1. By accessible area of protein heavy atoms, probe 1.4 Å, what ranking do 275, 192, 230 get, highest first?
2. Running a GNM on the chain with Cα contacts under 10 Å, which residue among 322, 265, 96 ends up with the highest mean-square fluctuation?
3. Kindly identify the stretch 4-246 as rounded, prolate or oblate by the Cα gyration tensor criterion: order the square roots of the eigenvalues as a ≥ b ≥ c, call it rounded if a/c is under 1.5, otherwise compare a/b with b/c, prolate if a/b is larger, else oblate.
4. Largest first, how would 138, 34 line up by accessible area (1.4 Å probe)?
5. Pick from 276, 169, 148 the residue whose mean-square fluctuation is largest in a GNM of the chain, springs joining Cα atoms under 10 Å.
6. In the Gaussian network model of the chain, springs joining C-alpha atoms below 10 Å, which of 88, 54, 242 carries the largest mean-square fluctuation?
7. Quick check on the stretch 4-246: of the DSSP beta bridges with both residues there, what percent are antiparallel, nearest 5%?
8. Might you report the magnitude of the Cβ-based charge dipole of the stretch 253-345 about its Cα centre, with Lys and Arg at +1 and Asp and Glu at -1, to the nearest 20 debye?
Amino acid sequence: MEQSSATATEPTNLGGSSPDIRLSGVRKAYGEVVAVDGIDLEVQRGEFFTLLGPSGSGKTTTLRIIAGFELPDSGTVELGGRDVRDLPPYDREVNTVFQDYALFPHMSVATNVEYGMRVRGTAKEERAKRRDEALEMVRLSGYGDRKPSELSGGQRQRVALARSIVNRPRVLLLDEPLGALDLKLREQMQIELKQIQHEVGITFVYVTHDQEEALTMSDRVAVFNHGVIEQIGAPADVYETPANRFVAGFVGVSNLIERDGRQFTIRPEKVRLLEPGEGDDGMHIESGRIRDVAYAGMITRYLVVLDAGGELQVVRQNLETTSAEAVEQGGRQVAVGWRPEHTVAVKAATHTERG
Ligand code: ADP
Ligand code: MG
């Protein structure tokens, strides 16, 4: 697998200890369907690591293999440096939070959070102490007596989180945990989850198909495509220097342009709509026509058809532009410019190269 950029951004392991998670050559097929096609990754202690990719790309299967709900057909899984092939899920220092949070509806919040400790036979005082700590961590102190039905979606999600951190697992696996929430609440929970993770210091492996969510929350992101990892890197790495066409297209909006047989991408916010006479020597300038204008409050998106071929999405902040002025631009002949250093040459994706 091609992963030159992944190696370059691998964090150095200062303590010299083993990573919390190491997958090597992991493959899993269901009949004809290859869900995971030979993946390698390492997650360091305390990292917020995200598996990002479209539906069906193998994210959940990877998570289930780490948790021990599935065994790989080949490859190895190590947790804290130990091969866990023979360890059942309940003996792994790993907990999972699912999208549908599965709280017991007839039990109070407090009883839900204590449930795992009760099963393990933890003493009553210890249970109460850890329960209260966990509820405080997810900012739900005082909600212990409520039933799940008396909580909002975001609060229920935080109860599920409290329940899964109460035993202080080494690693928490989260499979699209915010998927059921509406956009506003989801954005708020993204920030809260990240803060909570920071406070409790548990390693998070987080699954999402939402690139913005991944970029906002993660220390590093693995971009999945048809069971392979196309790139591993910090959010800024995968956004600014996508390893290939798939990553460029999937992570954020990217313009793909071909000039002189060379393909490259440029991000919409790096392209300038130029006033007559604007632009300087260092800038690459082309002419085109604005085909579409979409005013979106803070910004406006322009679709520009270039005279030399290709289309560009251009994003401009509405610093002084009104919606009427923005929309008036439609159909106009314009000059656009960008700095060559903001373009990234791209090659085909790992998956499609394999055919
Ligand atoms: P993601 O979480 O990225 O959406 P999954 O890991 O759930 O992807 O699935 C990857 C591929 O494996 C898909 O094509 C899916 O249909 C298939 N798959 C997953 N689990 C099973 C299963 N238990 N039986 C058969 N096929 C499965
Ligand atoms: Mg999934």
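1. The ranking, largest first, comes out as 275, 192, 230.
2. 322
3. prolate
4. These residues rank, largest area first, as 34, 138.
5. Of the options given, 276 has the highest mean-square fluctuation.
6. 88
7. Counting only bridges with both partners in the stretch 4-246, antiparallel ones make up about 55 percent.
8. Using only the charged Cβ atoms, the result is roughly 300 debye.
The values are calculated or read from the model by the stated rules, or taken from the named source; none is laboratory data. Since we're looking at a predicted model, the values are computed, not measured. Every residue, glycine among them, receives a Cβ derived from its backbone with ideal geometry; neighbour counts consider all protein chains shown. For accessibility, only protein heavy atoms count, side chains too; no ligands or nucleic acids. Shrake-Rupley method; radii C 1.70, N 1.55, O 1.52, S 1.80 Å.
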